[in-house]
Amino acid sequence: MTRTDILNFTLTESLNELKNKNISSVELTDAYISNIERMDNLNIFITKNLEKAREQAKESDARYQNGTARILEGIPIAVKDLFCTEDLRTTAASHILDNFVPPYESTVSQKLKDAGTINLGKTNLDQFAMGSSNTTSYFGNVVNPWRSKAAPDVDLVPGGSSGGSAAAIAARCALASTGTDTGGSIRQPASFCGIAGIKPTYGRCSRWGIVAFASSLDQAGPFARNVEDCAILLREMSGHDPKDSTSSKQEVPDFQAAINGSIKGMKIGIPKEYRVDGMPEEIDALWQQGIEWLKSEGAEIVDISLPHTKYALPAYYIINPAEASSNLARYDGVRYGLRVPGENLKDTYKKTRAEGFGDEVKRRIIIGTYVLSAGYYDAYYIKAQKVRRLILNDFLEAYKKCDVILTPTAPSAAFPIGENEDDPIKMYLNDVFTVALNLAGLPGLSVPAGVDKNGLPLGLQIVGNLWDEATVFNVAQKIENAAQFNFKPEIIEKMAA
Ligand code: GLN
């Protein structure tokens, strides 16, 4: 078996090969390590963990030999550098944390460790997960492994904020990875990189040990090459955690078991408000195609209305900075991370924060403190919270008529690095189809469904009711089966040659 063969296995296939002893975990891990080296110029990792990964792979092989292999034993993964990892640097892609080595492990990454996975390293992201293009990282841009046929020399963004984690899967630098999604940061990069990714219901995964961005919106979730792999990963990542009071005690269903169900008679909602001006025709066509695919599986299409959709982005960009500004108050140069000494304590705070935070982070802190200030709290923050409730109500009303909702994931394919940079509002528009779910706490999955005329991947989003990821996975898998998305970035095609 060649390294290329090994790298082409999905997570489920790799597990089978390991179980059947056709490959060892060391071989599997080494295949990924050598590919990580090959893909180095994509800048996917902030911190690599390759030596330890090799050691762990040996332990996994021993477990396969002595019959103590765990559910994901020996699977090499990558972890977004927003999850604290014990004794492994965790930066949030910021200068202010670039020397931070946590003495503890986040609950989600601990659960994946306990399931037997091997952490190859920490992936690059937008600084503090603020962004849609992975261009706000202190550690430089991540390059999408996909290239446009029209302009093959132009580097494209992988999406953001979990750009490194998404690119890692598309570039075969890991079998699975973790992401976080506050306004779309799992789904939009999944769409841009031609892979699957799910943001579960708020409270499904523990947020403990994840660098906090906007706590009422943040959720962890997995990326993988296909829907089934995501289902397996999410099952392992989920569950109540006494260390996070917002994590739910809801039972975690076997998501993997859900995916082969019939969708005959199931009602798929199509929200009219998601036909936005200026959306490329190809995305609209793909959405129609998705509708046809589900119809041919026996699902029924129902038109629904989510009337407050147009307020989702404005409400998000009040609530998100408000929470971010208060969460980021902890980076004071005293307790941990960067310290730039000043003349007195206040001056130290100022200098540390001025040097430690990037522009986008400062923008959010300034907006956040403004909307929370005494004079404007009611006008902005409280108003946005009320709008948030109306957005949830829209969805709850819609779910009286349908089981899931189908939408495009993002209003465009991956764009060139540097585009939208001088216009934050345009950048924020990337999230028009994703943020409403974070405001409402709903689960959403992006599944690769096709490519545009330039050969770039496009995703469709399946939105579920609260706690109903099982149906989301089931419907997503029907689209995956119909789409037969076998496209690969050229850089991966070449590897196969
Ligand atoms: N792009 C959105 C933002 O910048 C979402 C980011 C995220 O989900 N982490 O806030």
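The values are calculated or read from the model by the stated rules, or taken from the named source; none is laboratory data. Computed from a prediction, not measured in an experiment: that's the story for all the values here. Every residue, glycine among them, receives a Cβ derived from its backbone with ideal geometry; neighbour counts consider all protein chains shown. The area values use the complete protein model at the heavy-atom level, side chains included, leaving out ligands, DNA and RNA. Shrake-Rupley method; radii C 1.70, N 1.55, O 1.52, S 1.80 Å.
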Check: So what are the ³J(HN,Hα) numbers for the range 354-370, from phi and the Karplus equation (6.51, -1.76, 1.60; θ = phi - 60°), rounded to whole Hz, Gly and Pro as x?
Finding: 5, 7, x, 9, x, 4, 5, 5, 5, 4, 5, 5, 5, 4, x, 5, 5
Notebook entry, point to check: Once amide H atoms are built 1.01 Å from N in the peptide plane, which residues 5 or more positions from Ala410, or in another chain, come under 5 Å H to H?
Noted result: Gly459
Next item on the list: Quick one: pull the percent of accessible area on the chain belonging to carbon and sulfur, 1.4 Å probe, ligands and nucleic acids left out.
Entry: 50 percent
Notebook entry, point to check: Kirkwood Rh, the range 386-431, all Cα pairs: how many Å?
Noted result: 13.4 Å
Next item on the list: For Lys122, list the aspartates and glutamates whose Cα falls under 16 Å from its own Cα; do not include residues on the same chain fewer than 8 positions away.
Entry: Glu37, Asp40, Glu51, Asp81, Glu86, Asp87, Asp98, Glu105
Item checked: Spherically averaged projected area in nm², based on the convex hull that wraps the Cα atoms of the range 1-142 -> 8.6 nm²
Note to self: Rounded to the nearest 20 debye, what is the charge dipole size of the chain about its Cα centre when +1 sits on each Lys and Arg Cβ and -1 on each Asp and Glu Cβ?
What the structure shows: 800 debye
Next item on the list: Using a Förster distance of 45 angstrom, determine the FRET efficiency expected from the C-beta separation of Asn22 and Ser296, and round it to 0.05.
Entry: 0.80
Item checked: Whole-number accessible area per residue in Å² for the chain, which is evaluated in the context of all protein chains at 1.4 Å -> 37 Å²
Margin query: Through the Karplus equation 6.51 cos²θ - 1.76 cosθ + 1.60, θ set to phi - 60°, convert the phi angles of the range 287-299 into ³J(HN,Hα) values in whole Hz; use x for Gly and Pro.
Written below: 4, 4, 4, x, 4, 4, 4, 6, 4, 5, 8, x, 7
Next item on the list: Whole Å is fine, so just give me how far the alpha carbon centre of the range 113-146 lies from that of the range 441-477.
Entry: 21 Å
Note to self: Using each residue's phi in the range 157-172, evaluate 6.51 cos²θ - 1.76 cosθ + 1.60 at θ = phi - 60° and report the 3J(HN,Hα) Karplus result to the nearest Hz, with x for Gly and Pro.
What the structure shows: 6, x, x, x, 7, 7, x, x, 5, 6, 4, 4, 6, 5, 8, 6
Checklist line | Cα Rg, Dmax, the chain, angstrom units | finding: 21.4, 70
Notebook entry, point to check: How many Å³ per residue does the convex hull of the Cα positions in the range 176-260 occupy?
Noted result: 87 Å³
Item checked: Extension gain from Leu345 to Asp153, taking 0.36 nm per residue of separation minus the Cα-Cα distance -> 64.2 nm
Margin query: If amide hydrogens are placed 1.01 Å from N in the peptide plane, which non-local residues have theirs closer than 5 Å to the one on Asn119?
Written below: Ile77
Item checked: Cα-based reach from Lys362 at 15 Å (exclusive), listing aspartates and glutamates while leaving out same-chain residues under 8 positions away -> Asp126, Glu323, Asp332
Next item on the list: Rounding to the nearest 20 debye, state how big the charge dipole of the range 269-336 is about its Cα centre with +1 on each Lys and Arg Cβ and -1 on each Asp and Glu Cβ.
Entry: 460 debye
Note to self: Just want the answer: with Cβ charges of +1 for Lys and Arg and -1 for Asp and Glu, which residue in Ser133, Leu234, Phe213 is farthest toward the dipole's positive end in the chain?
What the structure shows: Phe213
Notebook entry, point to check: Suppose every K and R has +1 on its Cβ and every D and E has -1 on its Cβ; what is the size of the dipole of the range 1-140 about the Cα centre, in Debye to the nearest 20?
Noted result: 160 debye
Note to self: I'd like to know which of Val463, Ala384, Pro448 lies farthest towards the positive end of the charge dipole of the chain, counting +1 on Cβ of Lys and Arg and -1 on Cβ of Asp and Glu.
What the structure shows: Ala384
Item checked: Long-range HN-HN contacts of Glu300 with modeled amide H, under 5 Å -> Gly265, Met266, Lys267, Ile268
Item checked: Spread of Cα-to-Cα distances over 5 Å intervals beginning at zero, given as percent, for the range 23-75 -> 5, 20, 27, 20, 14, 9, 4, 1
Checklist line | Computed helical MRE - 222 nm, the chain, DSSP H runs ≥ 4 contributing -39500 (n - 2.57), nearest 500 | finding: -11500 deg cm²/dmol
Notebook entry, point to check: To one decimal place, what Kirkwood hydrodynamic radius in Å is obtained for the range 70-183 from all pairs of distinct Cα atoms?
Noted result: 14.3 Å
